[in-house]
1. May I ask for the net charge around His540, where only other residues with Cβ less than 12 Å from the Cβ of His540 are counted and Lys, Arg are +1 while Asp, Glu are -1?
2. Within region 464-529, count lysine pairs with alpha carbon atoms under 20 angstrom apart where the residues are 8 or more positions apart or belong to different chains.
3. Per-residue HN-Hα couplings for region 638-655, Karplus 6.51 cos²θ - 1.76 cosθ + 1.60 at θ = phi - 60°, whole Hz, x for Gly and Pro?
4. How do the peptides 427-439, 697-709, 392-404 rank, highest first, by the average count of neighbouring beta carbon atoms within 10 Å per residue?
5. So which aspartates and glutamates can Lys269 reach, going by Cα to Cα under 20 Å and dropping same-chain residues fewer than 8 places off?
6. Output wanted: per-residue J couplings in Hz (rounded whole) for region 517-532, from phi through Karplus 6.51 cos²θ - 1.76 cosθ + 1.60, θ = phi - 60°, x for Gly and Pro.
7. What does the extension gain come out to for Glu743 and Phe644, with contour length at 0.36 nm per residue minus their alpha carbon separation?
8. By the scheme Lys and Arg +1, Asp and Glu -1, what is the net charge of all other residues having a beta-carbon under 13 Å from that of His476?
Amino acid sequence: MIDSPYISVAIALPVPKAYTYGVPEHFQNACSPGVRVLIPFGKKRVTGYILSGQETCGKFTAKNILDVLDDHPLFPESEIPFFRWIAEYYLHPLGEVIKAALPSGLESHDESCLFVTEKGLDALNGKRLSPGEEEIIEFIQKRDLAKLKQLFKTSRNPSVHTLVRRMEKQDLVTVSYILKKDGVSARMEKFIVFQQDPEPTLRMSKKREAILMQVKQKKEMSLTGLKALIPTAPSLIKPLAEAGFIRIIQRRIFRDPLGDPVEPDTPPKLTDEQTRVVKQVQDKSDQGFAAYLLTGITGSGKTEVYMRLVLDVIEKGKKAIVLVPEIALISQTERRFRARFGERIAVIHSSLSQGELLDQWRKIALDSVDIVIGARSAVFAPFENIGIIVVDEEHDTSYKQETGLRYNARDLAVVRARFSGCPVLLGSATPSLQSYQNVVLNRFEELKLETRINRHPLPEITLVDLKKYKDGRPDHRIITPELSKAIRQCLDKGNQALIFLNRRGFATFPVCRECGKALTCRFCDITMTLHKGHNQYRCHLCGDGRPVDTACPECKSKKIRPFGFGTEKVESMLKERFPDARIVRMDQDTTSQKGAVIKILKSIRNRTVDIVVGTQMLAKGHDFPSITLVGVVCADLSLSLPDFRAGERTFQLLAQVAGRAGRGDTPGKVIMQTYNPDHFIIEASQKQDFQEFFHNEAPFRRALMYPPFSRMTQLKISGSNSETVKIYAETVAEILKDLLEKEGPLRVSIQVLGPAEAPIQKISSKFRWQILIKSPSAGFVNRLVKATLEHPQAKPKSGMSLSVDVDPYFLM
């Protein structure tokens with residue numbers, strides 16, 4: 001609670017600083033750091049976030065806040081310095097940093113509503129509530145939707161704010177956001193409460209007697225539960241309620257995003273390696289911040305190490321954040337953690353509905369859970385007393401946000417651990433060069449797991465040179481005889497096979513047979529991809545689609561021939577070759593609907609499929625003991641991309657997907673098809689040897705001053721007119737270079753590359769240019785870019801945009 005007459009507020013708009021507002025007396029008790037307020041800003045009313053109290057407003061007259069939008073802080077005061085660091089490092093407005101950290105939808109006009117819990121009803125019936133608490137519960141019961149703001153306005157109790165918070169912490173009531181604009185509403189359920197027995201002389205139908213008997217036995221039950229026993233119950237309860245024998249109430253059903261019930265597990269005995277690693281972290285856990293990189297081969301038991309360390313901090317009364325790169329992996333991780341830790345777990349990821357996400361966030365903020373598992377946004381979870389932060393598969397590019405606030409959750413996990421004074425553990429069998437270089441520089445401590453669980457051997461990896469099939473049958477260049485034979489042997493033994501190709505669709509290069517022109521997207525500079533299942537050509541950048549019988553834009557011929565291949569074509573070929581096999585495809589096309597990922601993963605786990613065809617979704621951390629064969633259709637796909645990280649991504653992808661084989665009792669086998677069997681990336685992938693890859697790749701990066709041997713920032717410039725974009729990009733580059741000249745001797749330590757057209761010159765009708773700034777000093781680059789953005793001529797004109805990407809991952 002803030003006692004000051006003024007507050008500092010960060011505004012959810014692209015403005016660089018916080019603003020001061022006055023607090024009317026009737027809002028004093030409701031204002032705390034982390035609470036949203038409605039404020040006047042110019043001619044608009046906007047959302048702001050309270051940062052702190054202020055005793056004065058300086059030399060100007062401060063406007064008053066208009067409303068307090070929350071009954072409880074959405075983030076703790078201790079997280080505000082973390083938000084300020086992000087704003088400074090990523091050159092992003094503080095208010096928009098906080099907005100990006102919070103669940104989406106909170107900028108809509110929303111209302112907090114109160115609901116009574118079962119514990120609250122028991123306390124009411126048992127006369128265990130104070131008069132103030134009874135007043136609040138009666139207020140809720142009299143309304144279909146009890147709005148918190150209405151309670152605060154009508155109650156004569158001056159301590160009603162404090163009382164509601166206390167009742168919520170005691171689980172007597174719950175508070176949930178009902179968003180007006182987005183249509184998120186409470187999930188309501190009718191409950192039947194027993195009131196009194198009927199007179200013995202009263203005649204009643206047998207079904208009504210059965211209803212009363214059931215309700216009396218349980219004191220209260222949901223209408224859904226009653227309907228399962230007596231199907232006609234909904235039409236029979238109203239007369240019973242009118243006679244006073246029962247009472248019908250509406251109650252909110254808490255949205256539960258967790259999966260099916262999970263049987264509790266028994267922690268396995270740790271291997272000697274796991275024991276050593278856990279002890280190394282535990283011995284220093286009370287000494288404050290420490291950063292660890294847990295490396296080792298695939299299948300070596302990293303998740304069990306995470307769970308033991310999380311258990312250790314929970315037993316000390318602290319909290320844990322576990323980051324996982326993909327929603328598909330969150331399901332697996334969540335199941336394992338729930339089996340060990342029960343239900344005191346919250347999950348945060350983009351597949352949750354807005355209502356589910358808000359409820360999960362509230363549970364965390366109210367200290368109702370000990371562990372948060374989630375994708376990159378979980379790094380902002382509103383915990384105060386953090387004991388450890390874990391980043392699984394730390395090398396994964398999914399941790400990088402590519403729009404808005406372009407943060408890297410792996411890097412922010414390290415920063416947040418430093419602010420929280422706790423250890424951070426990054427884990428990967430194929431660590432990023434950035435993290436491993438931090439080990440070399442002694443910024444991180446390396447922990448190793450070099451043996452698979454139960455001493456299962458690494459899979460045997462065979463390279464197949466695709467060049468020997470260049471003049472053979474076309475289908476042999478996609479599924480070679482070696483791979484086909486291995487699949488047949490795998491199926492005959494009753495095992496499962498994973499066929500990997502990191503390219504979706506049926507045909508990726510449609511060409512007109514009359515004029516030879518490729519069929520390109522109308523809005524982007526890439527060719528379209530044939531998706532046979534949807535019977536259309538699609539652009540993978542903007543989503544534009546054309547019917548499969550479309551004419552060539554150049555010569556109007558309809559003779560378009562589809563070249564190239566993707567997962568859809570591979571699936572079709574496998575169905576022809578192995579008609580007895582049950583085949584499922586897992587890519588962005590088959591997993592776009594909610595719940596589709598979980599359904600496919602469950603079918604693999606339950607062995608109701610024999611062959612899985614998939615993209616990189618399947619290459620990350622999944623544990624399927626029955627997969628004994630992995631086939632890589634084309635290992636070279638990403639090697640030739642114009643991106644300095646192309647080799648690193650290729651190695652990580654190949655080593656990770658190979659690691660899905662042989663995780664059970666049966667030894668695994670990998671068939672890796674490639675046009676470049678002698679390339680050091682392919683050779684290192686075959687050996688599963690990260691050290692060989694690192695010692696070959698690092699000298700190239702060092703010579704060209706690319707990360708991790710420099711810090712890089714990318715200026716992204718785009719607009720709808722190609723010539724205007726070019727002129728603006730040149731203007732920004734001139735400003736940048738003029739400012740650099742003024743730095744004197746320091747200027748030799750910085751490189752400015754560009755302006756240049758982006759490799760993909762147009763996306764969604766926007767022409768794209770970019771400028772890269774490299775230097776060993778992150779602070780120097782930050783200062784130079786900040787000065788450029790503040791220059792009057794660098795301000796983008798109408799129809800143009802200039803965005804900053806600090807530590808960029810994708811340069812296409």
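1. 0
2. Within region 464-529, the lysine pair count is 4.
3. Working through the residues one at a time gives 9, 5, 9, 5, x, 8, 5, 8, 4, x, 4, 5, 5, 4, 4, 5, 5, 5 Hz.
4. Going by the mean number of other Cβ atoms within 10 Å, highest first, we get 427-439, 392-404, 697-709.
5. Lys269 reaches Asp283, Glu304, Asp312, Glu315, Glu450, Asp623, Asp665.
6. Values per residue, Gly and Pro as x: 7, 6, 7, 9, 5, 5, 10, 9, 8, 9, 6, 8, 10, 6, 10, 5 Hz.
7. Full extension from Glu743 to Phe644 adds 32.8 nm.
8. Every neighbour counted, the sum reads +3.
The values are calculated or read from the model by the stated rules, or taken from the named source; none is laboratory data. Just so it is clear, the structure is predicted and the values come from calculations on it, not from any experiment. Please note: Cβ atoms are built from the backbone with ideal geometry, for glycine as well, and neighbour counts cover all protein chains shown. Surface areas here come from the heavy atoms of the whole protein model, side chains and all, with no ligands, DNA or RNA. Shrake-Rupley method; radii C 1.70, N 1.55, O 1.52, S 1.80 Å.
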